[in-house]
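Below is one structure; the comments refer to it alone.
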Amino acid sequence: MIFKAGKNCQNNHNRRLEDQFKTHYTTIIENAEIEGTINTHDNVRIGGNLKGQITSSGVVWISKGAKIDGSINASGLIVEGYVHGNVQCTGKAELRPGARIKGDIACASLSVSMGCALEGKIKMLEGKLKTFVSKRNKIESELKI
C-alpha cells in the first residue's frame, strides 16, 4: 500500500485552496458594485464587481460572474470570474474553468484548468519547488513504508 490514512497523513497540506478556505471570510455579494481598495488579513470571496486593488494575507476567491478591474496581491488565489489587472500571489493560484485574466501573474504555484483564458505573462516566484515524487517519498518515509 502506497498511501495509508493515519495521523501523519492528516497534517499534510490540502491540495486545493478551496479546502483551506476557512469559515471566517469576507464576502462581496453578487451584483455589488464597489470602487476602492480592499485590505484584509482574512480570506475574501468576491461575487460582484470591484474597481480597485485587493490586498490580502489570506486567500482571494473571484467567483463566477465577478469582475475585478485592478490588481490583486494575496497569499492564495482562486479565479472563476474575470480579472483585468496584474496578480501577485505568494502561494498557489488556481484558474478554474471560465476564468479570464487580462494581466500578468506572479505566483509560487499555478494550477490551470481547461476552459481558462490568460492574456499576459506568467512569472513563477522563486522558492523550493516540490515534485510529486519528492512529496510521495516524504510521505512514505514518514509512514515508514
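None of Gly103, Gly70, Gly76, Gly98 is closer than 30 Å to Glu142 by Cα and surrounded by 14 or more Cβ atoms within 10 Å (Cβ to Cβ) except Gly76. Quick check on Thr55: is it at pLDDT below 85 and either closer than 19 Å to Ile105 by Cα or part of a strand (DSSP E or B) (or both)? In short, no.
Given the criteria under 22 Å from Val112 (Cβ atoms), surrounded by 15 or more Cβ atoms within 10 Å (Cβ to Cβ), modelled with pLDDT under 95 and not polar (S, T, N, Q), does Gly48 qualify? It is false that Gly48 is under 22 Å from Val112 (Cβ atoms), surrounded by 15 or more Cβ atoms within 10 Å (Cβ to Cβ), modelled with pLDDT under 95 and not polar (S, T, N, Q).
Residues are listed down the side, and each one gets a yes or a no for (1) touching a strand residue (DSSP E or B) at 6+ places or on another chain (Cβ under 6 Å); (2) farther than 15 Å from Leu118 by Cα; (3) among the hydroxyl-bearing types (Ser, Thr, Tyr):
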{"residue": "Ile29", "(1), (2), (3)": "no, yes, no"}
{"residue": "Glu33", "(1), (2), (3)": "yes, yes, no"}
{"residue": "Tyr82", "(1), (2), (3)": "yes, no, yes"}
{"residue": "Gln88", "(1), (2), (3)": "yes, no, no"}
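Is one or more of the residues making up the stretch 14-33 modelled with pLDDT of 90 or more, part of a strand (DSSP E or B), of a type outside the set (D, E, K, R) and touching a Gly at 6+ places or on another chain (Cβ under 6 Å)? Scanning the stretch 14-33, I find no residue that is modelled with pLDDT of 90 or more, part of a strand (DSSP E or B), of a type outside the set (D, E, K, R) and touching a Gly at 6+ places or on another chain (Cβ under 6 Å), so the answer is no.
The values are calculated or read from the model by the stated rules, or taken from the named source; none is laboratory data. These figures come from a predicted structure and were not determined experimentally. Every residue, glycine as well, gets a Cβ built from its backbone with ideal geometry; the counts of neighbours run over all protein chains shown.
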